[in-house]
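Before any comments, here is the structure.
The values are calculated or read from the model by the stated rules, or taken from the named source; none is laboratory data. If you're wondering where the values come from, they're calculated on a predicted model, not measured in any experiment. Please note: Cβ atoms are built from the backbone with ideal geometry, for glycine as well, and neighbour counts cover all protein chains shown. Calculation scope for accessible area: heavy atoms of the full protein, side chains included, ligands and nucleic acids excluded. Shrake-Rupley method; radii C 1.70, N 1.55, O 1.52, S 1.80 Å.
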Amino acid sequence: MVRVFVVGVGMTKFEKPGVRQDDYPEFAKEAIEKALYDSKLNIKDIELATVGYVYGDSTCGQRAIYEVGMTGVPIFNLNNNCSTGSSALLIAKQFVESGKDCVLALGFEKMERGSLTSKFTDRTNPMDKHVTLMADLVGLNEAPITAQMFGNAGLEHMKKYGTKPEHFAKIAYKNHKHSVNNPNSQFREEYSLEKIMNSPVVFGPLTKLQCCPTSDGAAAAIIASERFVRSHGLEKQAVEILGIEMATDTPSTFAERSLMKLVGYDMTKNAAERLFHKTGVKPTDVQVVELHDCFSANELITYEALGLCPPGKAGELIDRGDNTYGGKYVINPSGGLISKGHPLGATGLAQCAELCWQLRGEAGARQVPGARLALQHNIGLGGAVVVALYAKGFPSSNNNVNVRKTSSSSNGEGFIVTPYMKILEQIMLIDPDNTVDKFRGVYGLKVIKENGEEGFWIINTKTGKGTIEFNSKVKPDVTIIIKDNDIIELFSGKINPQKAFFQGKVKIQGNIGLAMKLTELQRIVKQRIVNITAKL
């Protein structure tokens, strides 16, 4: 599988429409230049660009990028409602997987003040089926249509699970509080829970301070192949896109006559389940999340759709504080759409930028401690949802491992893993199918006892059948660090190497792509290890 990385991100401060005196080309230029500066690259390094915006004429993407440089590269414009930015990101990733080395994903929006309205009245509105069903189920009133849709979804959750208005208000309280530390946020004021609940009612349980504003702004991300990352020395800052999935409406959106499903619950659930299945991790392995809180009600139901908690348990998650610092997850450390703002085309890429800063440890006062795995959720009604998982691409760019010899032996005696390394060596020597050809490389294995003693093995499969040496001086391509007590579970297949990495049981230094091959190697040798160890 081709590895794809985010190597540079940039965004403007999101502003109330009209505050900036310039226009979308200048918004975009600022975001692109920040991403180029972050990545230490030049516009001439970009081979292709995907550009997202909702409000604008055709080829606005070209007009925006031309401000930075007219290099003649392909530029693709796209519109996927509020998930436009993450859609540009997904397509950029696919271009890299198809052979491009460096692609720009850009999103921007110049908006009008006030609620969103339709721009075309002489043709079928793409939301006509959604609005018609809502009208049939609960009627319509003069409130903004999107507020009615998400507000009604919140009311359905309240009726079904006993959720209280305070739960929606607590989400807004959290996001406003988080935004205080985000210099790019449109609003940076902290509000009391009481003030949030007593602000003007927009619809149902939603008050004004629980709704995202319209905004002007732009965000950009530079997406690159592993080859490009290594050739340009960008390992230290590269964030890997472990997976990204898009889903659209299914018949259940309308057939099940559910207001939560009408605003994308099943879209989110379907995309998230595919994402977690393909990456081999669980929602509960995540530490930091940027999700689409266009209204506080959507953040609440999205907790359940993503699998961050079971259905009906979002209120309990909120009451425990498991959506903020000190809890299980930190959700929307940027302040989310409610506080940061929502320039439609830029939102998904701004989420990407925030998660990259978090994983790189560059988020300043809003840094989530120990962030290793990050989740993104960006939804647009009509509809499309994008979910993505990120991790630091190269947890350590230094392949040199300081080896501390054990006091018990110079050949690894005294470690639980030692006899299993001998078994692995036997399997390599009698390998009739030349399985070792699939895993050519130099692997370092650092094993740590409970008392702190360390053992270090080099598994060198670059030539022949390969060799295993204790405390070898050969420099590894990748080093796997694990506790002695956990190694047997890894060898026997009881734990998945990728899951173990995200759970912190396994640490990796160097070529993480090579390390990920251990998942396949584990499956091949598992049965042989089990058969042999049964005789020990």
Measure of exposure for residue 244: accessible area at 1.4 Å probe, Å² rounded to 10, is 20
Largest-first ranking of 199, 115 by accessible area, probe 1.4 Å, whole protein assembly kept, is 115, 199
Reduced to Cα centres, the span from the stretch 220-285 to the stretch 107-156 in Å works out to 25
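Give me the net charge of residue 213's neighbourhood, meaning all other residues with Cβ under 11 Å from the Cβ of residue 213; Lys, Arg count +1, Asp, Glu -1.
Around residue 213, the surrounding residues sum to +2.
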Pick out, in residue order, every one of the GluC sites (Glu not before Pro) in the stretch 128-181 that is DSSP loop and has at most 14 other C-beta atoms within 10 Å; say none if there are none.
142
Could you please put 450, 109, 273 in sequence from largest to smallest accessible area, using a 1.4 Å probe?
450, 273, 109
Looking only at the chain, where both bridge partners belong to it, what percent of the DSSP beta bridges are antiparallel (to the nearest 5)?
70
Can you give the local net charge around residue 236? Use residues other than it whose beta-carbon is closer than 10 angstrom to its beta-carbon, Lys and Arg +1, Asp and Glu -1.
+1
Let me cross-check residue 155: its accessible surface, 1.4 Å probe, with only protein heavy atoms counted, in Å² to the nearest 10?
70
Between 0 and 90 degrees, rounded to the nearest ten: what's the tilt of helix 518-533 against the longest Cα principal axis of the chain?
40
Summing +1 for each Lys or Arg and -1 for each Asp or Glu, what net charge is found among the other residues whose Cβ lies under 10 Å from the Cβ of residue 442?
+2
Which of 145, 451, 254, positive extreme of dipole for the chain (C-beta unit charges):
451
Among 296, 329, 478 the positive-end extreme of the charge dipole of the chain (Cβ point charges):
478
Once each part is reduced to its C-alpha centroid, what is the distance from the stretch 314-374 to the stretch 1-31 in angstrom?
18
Counting other Cβ atoms within 10 Å of each Cβ, which GluC sites (Glu not before Pro) in the stretch 173-224 have at most 16 and sit in a DSSP loop?
189, 190
Heavy atoms of the protein only, probe of 1.4 Å, neighbouring chains included. What is the accessible area of residue 130 in Å², nearest 10?
10
Averaged per residue, what accessible surface does the chain expose to a 1.4 Å probe, in Å²?
41
Quick calc, the chain, dipole around Cα centre from Cβ unit charges on Lys, Arg (+) and Asp, Glu (-), nearest 20 debye, gives 1400
With Cα atoms, 0 to 90° folded angle of helix 296-306 axis to the chain main axis
30
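Rounded if a/c is under 1.5, else prolate if a/b is larger than b/c, else oblate: which is the stretch 207-337, with a ≥ b ≥ c the root eigenvalues of its Cα gyration tensor?
Note, shape of the stretch 207-337 comes out prolate.
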Using heavy-atom solvent-accessible surface (probe 1.4 Å) with all chains present, what is the largest-first order of 202, 368?
202, 368
Within the chain, what whole-number % of the accessible surface is contributed by carbon and sulfur, with the 1.4 Å probe and all protein chains included in the calculation?
51
Hand me the chymotrypsin sites (Phe, Trp or Tyr not before Pro) from the stretch 278-327 located in a DSSP loop with no more than 16 other Cβ atoms within 10 Å, in residue order please.
325
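Counting Lys and Arg as +1 and Asp and Glu as -1, each charge on the Cβ, what is the dipole of the stretch 232-388 about the Cα centre in debye, to the nearest 20?
Details: 14 positive and 17 negative charges, 30 e Å.
Its charge dipole is roughly 140 debye.
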In deg cm²/dmol and to the nearest 500, what is the mean residue ellipticity at 222 nm of the chain if only DSSP H runs of at least 4 residues count, each as -39500 (n - 2.57), divided by the residue total?
-11000 deg cm²/dmol
